[in-house]
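For reference, the structure discussed in these notes is given below.
The values are calculated or read from the model by the stated rules, or taken from the named source; none is laboratory data. Small disclaimer: the values here were computed from a predicted structure and weren't measured. We place every Cβ from the backbone using ideal geometry, glycine too, and count neighbours over all the protein chains shown. Calculation scope for accessible area: heavy atoms of the full protein, side chains included, ligands and nucleic acids excluded. Shrake-Rupley method; radii C 1.70, N 1.55, O 1.52, S 1.80 Å.
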Amino acid sequence: MTTTDDRTGAAPKPTGPVSKIDYSERIPNNVGLAEDRRLQRALEGWQPKFIDWWKTLGPALPTKDVYLRTAIAVGRDGWAHFAHVPMEEYRWGIFLAEQNPDRVVGFGKHKGEPAWQEVPGEHRADLMRLIVIQGDTEPASVEQQRVLGNTAPSLYDLRNLFQVNVEEGRHLWAMVYLLHAYFGREGREEAEQLLKRNSGDLDAPRILGAFNEETTDWLQFFMFTYFTDRDGKYQLGTLKESAFDPLARTCEFMLKEEAHHMFVGTTGVQRTVERTAELIKQHGTDDIWQFGGIPLSLIQKYLNFQFSVSMDLFGSEQSTNAGNYYSSGLKGRWQETRRKDDHVLLDDTRTMRHVEDGEIREKTVPTLSALNLDLRDEYVADCSNGVRRWNQALEDAGLEERLYLPHEGFNRRVGVYAQHHVSPQGEVLDDAAWDAQVEQWLPSPEDRAAVAELMVPHYGLGEFAGWITPPQTGINDQPVEFDYVHLAEEGVA
Amino acid sequence: MSDLSWVHEPNPTWDADKRRVVGSAPAGVFDLAYEDGAAIPGDWWACTSAGAVVGYGWLDATWGGDAEILLAVDAAARARGVGSFILERLEDEAAKRGLNYVYNTVRATHPDRDDLHDWLAVRGYRGGTGDTTLRKRVGAGSSRAVRVAPAATGGGTPYDPAGEGELAPGHEESGGYVDVDDHRY
């Protein structure tokens, strides 16, 4: 029989600023885990399963150690240090941003009330679901990127991949902590499932679509960290506003770490574009395969693909659930506190595009029903910043070609465009027109195979693959040619 | 019933048929309150028999990858396979959209929540111990064959070419590098 205690678990009671992380514990944390033996035992029971998962589905390339960033505090001052660490000994832990004892709910029908330190019974199922969805994405990307180390363009990039991987693992810990601490037996069962679903598994895939797409090569990895991890940034940004304070504080700290993932994507694509621009300039053609570069037209195809699958992650433009999450205080909007409205939205409307009679038209809908679209709009605006950065590299090289974001309706499977074909320029197409042109817009298996041929590992100090330029500076003020990764085989690096 | 049809509503609005069918459910089953003629979110389908609406199914994709499914059957048409018909169609529709899972949340206020739980369970829906949310894998293999979107307000820090030159992270030891809301990348 399920008891109340089983269903609610024993929530820890954070006590004021606890920015220093206790690394003497088996599970590093700043939530006072040692004072809650029951929760500590439960998480220590989950820890070996996580390590098994990491060994089985984490990075496949054997390494001795990696120059990694590890969080040591959560405050505004220094919060991390860098050192060579064997990845299996990385200190995955539980870190919440500092508590503000005066924090109040910033939106919805509970606006102005004290933030919740416990899960209200009426929101228990919805909150657990939000945490499970977020948690499911974290290990998924590690699984997707498992074999990428075998074809790393440099030790610098290899290190960045592994930094992303260990921090996605830590983000899984962050969600598992919430499930264990606040959702009792059901939470523990969901935490188990987070290790049982696997990316691309036919029987038990990861929940969100883009997290089941194979990461075939490093260009896709950079596109993934730019576009798909950016969706994660925006989802975390909405959960950071949650009335459920432990979730808000967890997500706030995760966002700090997430910035590095954005950096990897932005600069990875940029360095690829820079090398492509050099080769185009040098040889006077976009057909630079024979010179070891990736044509700009193919970079655009990769961009089209990753942007469109990432747009689907935001769900349908209109969603009753999204509106309910907002009204209930579970999930806010991006930069909620900076919005200049009443933060309740009951009487607000906005426009949204949809397809009607073969045309893209606008209609007015209640803002509350279209909060997925609100978040997606913010995301698209952010995405365009990176495209401007990449186009600056093309302009600096003296080229006239430019990259662009495809239309929001392009290649969509979720939402109002799902049943329609829309070109990257926003033209609604019939099946025949789509089929005739789709290979111009999305990477074909042959395109991916051609990129894969360029993916040859470069593990020498300061060595870089020919399809990408070296970065301007190294990590943590180290030189670019620093020994960021020591491979397991002696003498390889 | 063997004469059931499945009709998509491209621009669903709250109307007399929905009021009749959804309204025939006992109190506590649904939480829907719309004015007549109001546009309603989500993908909606009507289930008809001999030209009359006997049920509705609708799908709410809150995130891409799974969706909540809901269904309502006219009280006068229950126990004739309408619910199963709608459930199967909704699973097909979700799979066609590349969604991996569908779920249904059995509301605490549902008067027949145990029966509904069992009805979903025998159709492949699974949940945790409390079983408030039951999930089912639909479809298999979501791989795809694989105008510039409008800029909205906000959206992070605009790219400033003049700010170039210090791309690398590594100042976390002394703070800096990360503004949670305004990532530079």
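In the range A:407-433, what residues are over 25 Å from the mean Cα position of the chain (by Cα) and facing chain B (nearest Cβ under 10 Å)?
At the first step, the residues of the range A:407-433 found to be over 25 Å from the mean Cα position of the chain (by Cα) are A:419-423, A:425-433.
If the condition is that a residue be over 25 Å from the mean Cα position of the chain (by Cα) and facing chain B (nearest Cβ under 10 Å), then A:GLN419, A:VAL422, A:SER423, A:GLN425, A:GLY426, A:GLU427 are the ones that fit.
Could you check the range A:79-106 and list, in sequence order, the residues that are within 26 Å of A:LEU155 (Cα to Cα) and within 13 Å of chain B (Cβ to nearest Cβ)?
A:TRP79, A:ALA80, A:HIS81, A:PHE82, A:ALA83
Given the options A:GLY386, A:GLY426, name the one that is open to solvent by less than 10 Å² (accessible area, probe 1.4 Å) and either in a helix (DSSP H, G or I) or out of contact with any helix residue (DSSP H, G or I) (no Cβ under 8 Å at 6 or more places or on another chain) (or both).
Among A:GLY386, A:GLY426, only A:GLY386 is open to solvent by less than 10 Å² (accessible area, probe 1.4 Å) and either in a helix (DSSP H, G or I) or out of contact with any helix residue (DSSP H, G or I) (no Cβ under 8 Å at 6 or more places or on another chain) (or both).
Restricting attention to the range A:137-153, does a residue exist that is closer than 23 Å to A:ASP201 by Cα, buried (at least 24 other Cβ atoms within 10 Å of the Cβ), within 12 Å of chain B (Cβ to nearest Cβ) and not hydrophobic (A, V, I, L, M, F, W, C)?
yes
Of B:ALA27, B:ALA46, which residue is more than 14 Å from chain A (Cβ to nearest Cβ), in contact with a Pro (Cβ under 8 Å, 6 or more places away or on another chain), farther than 28 Å from A:LEU202 by Cβ and among the aliphatic types (A, V, I, L, M)? Before you say what the answer is, go through the steps one by one.
On the way: B:ALA46 fails: in contact with a Pro (Cβ under 8 Å, 6 or more places away or on another chain).
B:ALA27 is the lone residue from the list that is more than 14 Å from chain A (Cβ to nearest Cβ), in contact with a Pro (Cβ under 8 Å, 6 or more places away or on another chain), farther than 28 Å from A:LEU202 by Cβ and among the aliphatic types (A, V, I, L, M).
Just give me the residues in the range B:49-68 being away from chain A (no Cβ under 14 Å) and β-branched (Val, Ile, Thr), in sequence order.
Passing the criteria: B:VAL53, B:VAL54.
Please specify each residue of the range B:110-126 satisfying the condition of being open to solvent by 80 Å² or more (accessible area, probe 1.4 Å), farther than 27 Å from A:ALA210 by Cβ and not in a helix (DSSP H, G or I).
Correct list: B:VAL122 only.
Given A:LYS64, A:LYS49, which one is under 25 Å from the mean Cα position of the chain (by Cα) and either surrounded by 15 or more Cβ atoms within 10 Å (Cβ to Cβ) or outside any strand (DSSP E or B) (or both)?
On the way: A:LYS64 fails: under 25 Å from the mean Cα position of the chain (by Cα).
On inspection, the qualifying residue turns out to be A:LYS49.
A:ASP447 is checked against (1) outside any loop (DSSP other than H, G, I, E, B); (2) out of contact with any Lys or Arg (no Cβ under 8 Å at 6 or more places or on another chain) and fails just one. What number does that condition carry?
Unmet for A:ASP447, out of (1) outside any loop (DSSP other than H, G, I, E, B); (2) out of contact with any Lys or Arg (no Cβ under 8 Å at 6 or more places or on another chain): (2).
Which is within 20 Å of the chain's Cα centre (by Cα) and not in a loop (DSSP other than H, G, I, E, B), of A:VAL380, A:VAL365? Can you show your working first?
Working: A:VAL365 fails: within 20 Å of the chain's Cα centre (by Cα).
Only one candidate qualifies: A:VAL380.
Can you name the number of the only condition in (1) assigned to a loop (DSSP other than H, G, I, E, B); (2) closer than 18 Å to A:THR272 by Cβ that A:PRO406 fails?
It is condition (2) that A:PRO406 fails.
Going residue by residue through the range A:470-482, is there one that turns out to be closer than 16 Å to A:THR276 by Cα and open to solvent by 40 Å² or more (accessible area, probe 1.4 Å)?
Step one: list which residues in the range A:470-482 are closer than 16 Å to A:THR276 by Cα, which gives A:470-471.
Now drop any that are not open to solvent by 40 Å² or more (accessible area, probe 1.4 Å), which leaves A:470.
Looking through the range A:470-482, at least one residue is closer than 16 Å to A:THR276 by Cα and open to solvent by 40 Å² or more (accessible area, probe 1.4 Å).
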